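Structure first, commentary second.
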Amino acid sequence: ILADFVKQYPQISISVLSGNSRDVEAALQAGKIDIGMVEGIIRQPQLKYSAFMSDELVAIVSADNVLAQKDEITISELQTTPLVLREHGSGTLDVVEHSLQNKGLSLSDMKIVMYLGSTESIKGFISHSDSMGIVSVRSVSKSLLDGEFKVIEVNGLKMEREFCFVEKRGESLGMQAVFKKFITSGYRL
């Protein structure tokens, strides 16, 4: 998306800051960035959020994992499966926590091996362990087609979210408005 945006608007200078949802919100409030993109369900009241894309989190295992022989597990089986999750402050972890809470569970009820700071690090860890990761289905689509990972459905556990633009309250001005319009007016995500 960024490459296409730069091609269409070469006069606009872009700098990208990567971090979890709380990092992005803090950078926005501190004036370090003009617009952010977050995926969590927790909202800061002084910021404005605009949804632009739906997403689903899925449980994945390495194709070599014994669980890869299954298509589905129960929530009870999930509780005994070694898990690798995104770090605290991550919108992804917020969604996992919220989904578990809807089933009367918390993170402390899970067998968490490690918290990692990016989806790529989770994928790397999962590919070399017998653990399960929970990541965006969009982030593993190519790896699923290549047979590197397998999605394991967790019966009765839905983990859906919206990706949102986040800005300071007020109108979108300048580059932020151009960027939002570029993404929301027909760019296929």
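The values are calculated or read from the model by the stated rules, or taken from the named source; none is laboratory data. Just so it is clear, the structure is predicted and the values come from calculations on it, not from any experiment. Methodologically, a virtual Cβ is constructed for each residue, glycine included, from the backbone with ideal geometry; neighbour enumeration extends over all protein chains shown. The protein model used for the area step is the full one, side chains on, heavy atoms only, and it has no ligands, DNA or RNA in it. Shrake-Rupley method; radii C 1.70, N 1.55, O 1.52, S 1.80 Å.
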Those residues of region 136-153 which are over 19 Å from Asp71 (Cβ atoms) and open to solvent by 90 Å² or more (accessible area, probe 1.4 Å), in sequence order: Arg138, Lys142
Residue list for region 18-73, filter: of a type in the set (S, T, N, Q), touching a Phe, Trp or Tyr at 6+ places or on another chain (Cβ under 7 Å) and farther than 24 Å from Gly133 by Cβ: Ser50
Tally, over region 1-29, of residues that are open to solvent by less than 70 Å² (accessible area, probe 1.4 Å), under 30 Å from His98 (Cα atoms) and not polar (S, T, N, Q): 7
Close pairs (8 angstrom Cβ cut-off, 6 or more residues apart or separate chains): under 15 Å from Gly89 (Cβ atoms) in region 27-41, hydroxyl-bearing (Ser, Thr, Tyr) and open to solvent by 30 Å² or more (accessible area, probe 1.4 Å) anywhere: Val38/Tyr49
Condition met for Ser106 (without any contact (Cβ under 8 Å) to a residue 40 or more places away in the chain and over 23 Å from Ser21 (Cβ atoms)): no
Residue within region 89-102 that is closer than 29 Å to Thr184 by Cβ, part of a loop (DSSP other than H, G, I, E, B), open to solvent by less than 50 Å² (accessible area, probe 1.4 Å) and in contact (Cβ under 8 Å) with a residue 12 or more places away in the chain present: yes
Some residue of region 109-117 being touching a residue at least 60 places away in the same chain (Cβ under 8 Å) and either in a helix (DSSP H, G or I) or open to solvent by 30 Å² or more (accessible area, probe 1.4 Å) (or both): yes
Failed item in (1) over 13 Å from Ala59 (Cβ atoms); (2) crowded, with 18+ Cβ neighbours inside 10 Å; (3) over 16 Å from the mean Cα position of the chain (by Cα), with Ser131 passing the rest: (1)
Qualifying positions in region 37-54 - closer than 21 Å to Ile122 by Cβ and open to solvent by less than 10 Å² (accessible area, probe 1.4 Å): Val38, Gly40
